[in-house]
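Below is one structure, written out as structure tokens; comments come after it.
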Amino acid sequence: MSFYNWIQEKLFDNYEEWRLKSPDYNRNGFNIVGIDNTLKAMHDGYFMYVELYPPHAIDGCTAMKARVGKKQDAVDLFLDIDGKTYRMADVSYPDAVKMMRAFVKKRRVPDCSLCVEVAYLDIDQMRSTFTELATLLLGDAKQAKSFMTKAKLNSMEDLEDSWWNLYEKLQSKGRAVEISLKIELEDFLYHVQKLIRNKSLDTSENLTIDTAAFDDSQCIGDWCAHFNSTWKNHKLVGMDIGTDSLVLMVLSNEEFKRAQELAKELLHRIDVAERL
């Protein structure tokens, strides 16, 4: 370790040689509070995972990873040790913060007797989940099957690429639109109307837009919330692609609920548009 990095670590809690990876951050160098903030974002439903990579193996451990768990107030912790992956299930968020901080600050690995050996990514299950989600969002099993023949899901990087490719496919079919958060009200309503027209082909609900109900002094979150407070059977939904823009879709309530569940299993996020 260089003298500069030692000073950064000891005096400022900056870990220049470590890598932190999350949906919005993936590079060397972070402050220790980044662990707390990212796990809080997971608890609040904004992020699905966080990963820590030391510059050198610590007791054989080359990575510590947390994923949202099945329980709302817990995560699953994964340790990559000597080429194998071990899982500690249902770790509370406060305990996860302590363990991940100790891994970085004290170079301490959790007690592996509390873990079981697993495959970090269940490729078969992931492909099944992704296929179901693609079919739901595209509204066409044949198109989804064609899309999935080109999808590679052997790693987290493959998953990120496939998520982006799904977004592009949805956009090309008119099932999704990407807009700026600074969009003007007139343009926003134009794009939502296009989504409604495409959705109206397979729904009986009259998804009309009352332009008088909108105020151009409000923000895009307010406009999205208006739709979701007035529509009875549908939602204006956002698909998180890791950019500063907003990807919008119109889904039925049932489609939205299932899409949200499937996206979470794929460590990604679909939510009502005003929450993105």
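The values are calculated or read from the model by the stated rules, or taken from the named source; none is laboratory data. Note that the structure is predicted; figures quoted are calculated from it, not measured. Here Cβ is always computed from backbone atoms with ideal geometry, including for glycine, and neighbour counts include all displayed protein chains. Remember, those area values only see protein heavy atoms, side chains included, never the ligands or the DNA or RNA. Shrake-Rupley method; radii C 1.70, N 1.55, O 1.52, S 1.80 Å.
Descriptive notes on the structure:
- The chain: angle of helix 3-12 to the longest principal axis, Cα-based, in degrees nearest 10: 70 degrees
- Applying 1/(1 + (r/R0)^6) with r as the Cβ-Cβ distance of Ser172 and Asp44 and R0 = 25 angstrom yields a FRET efficiency of 0.20.
- Spin-label model, Leu185/Asp244: points 7 Å from Cα along the beta carbon direction are separated by 2.4 nm.
- Accessible surface area normalised per residue over the chain is 52 Å², counting heavy atoms of protein chains with a 1.4 Å rolling probe.
- For GluC sites (Glu not before Pro), the sites in the stretch 169-276 that DSSP calls loop and that have at most 15 other Cβ atoms within 10 Å are Glu184, Glu205.
- Between Thr62 and Glu261, residue separation times 0.36 nm minus the direct Cα-Cα distance comes to 68.6 nm.
- Take the Cα of Asp24, step 7 Å toward its Cβ, do the same at Thr230, and the gap between the two points is 3.0 nm.
- Theoretical ellipticity at 222 nm over the chain - DSSP helices of four or more residues, -39500 (n - 2.57) apiece, nearest 500: -13000 deg cm²/dmol
- The angle separating the long axis of helix 123-138 from the principal Cα axis of greatest extent in the chain is about 20 degrees.
- One chain, two ends: Gln72 and Ala89. Fully extended at 0.36 nm per residue, the span grows by 4.9 nm beyond their Cα-Cα distance.
- Computed on the stretch 123-275, with alpha-carbon pairs under 8 angstrom and 6+ residues apart, the relative contact order is 25 percent.
- Taking the average, over residues, of other Cβ atoms within 10 Å as the packing measure, peptides 6-14, 62-70 rank 62-70, 6-14 from highest down.
- Inter-label distance for Ser217 and Met1, nm, one decimal - labels placed 7 Å from Cα along Cα-to-Cβ: 5.4 nm
- Surface share of carbon and sulfur [accessible, 1.4 angstrom probe, percent] for the stretch 1-115: 50 percent
- Fluctuation leader among Ser172, Ser113, Ser245 - the chain, Gaussian network, Cα springs under 10 angstrom: Ser113
- Springs join every pair of Cα atoms under 10 Å in this Gaussian network model of the chain, and among Val109, Val50, Val33 the largest mean-square fluctuation is at Val33.
- Relative contact order computed over the stretch 3-118 (Cα-Cα under 8 Å; 6+ residues apart), in percent: 18 percent
- Cα gyration tensor shape of the stretch 229-276, rounded if a/c is under 1.5, else prolate or oblate by comparing a/b with b/c: oblate
- Partner lysines for Lys232 [C-alpha distance under 23 Å; skip if fewer than 8 residues away on the same chain]: Lys194, Lys199, Lys257
- Of all accessible heavy-atom area on the stretch 123-275, the percent that carbon and sulfur account for (1.4 Å): 45 percent
- Alpha-carbon centroids, the stretch 142-188 and the stretch 215-250: separation in whole Å: 17 Å
- Rg ratio for the chain: its Cα radius of gyration over 2.2 N^0.38 Å, N being its residue count, equals 1.13.
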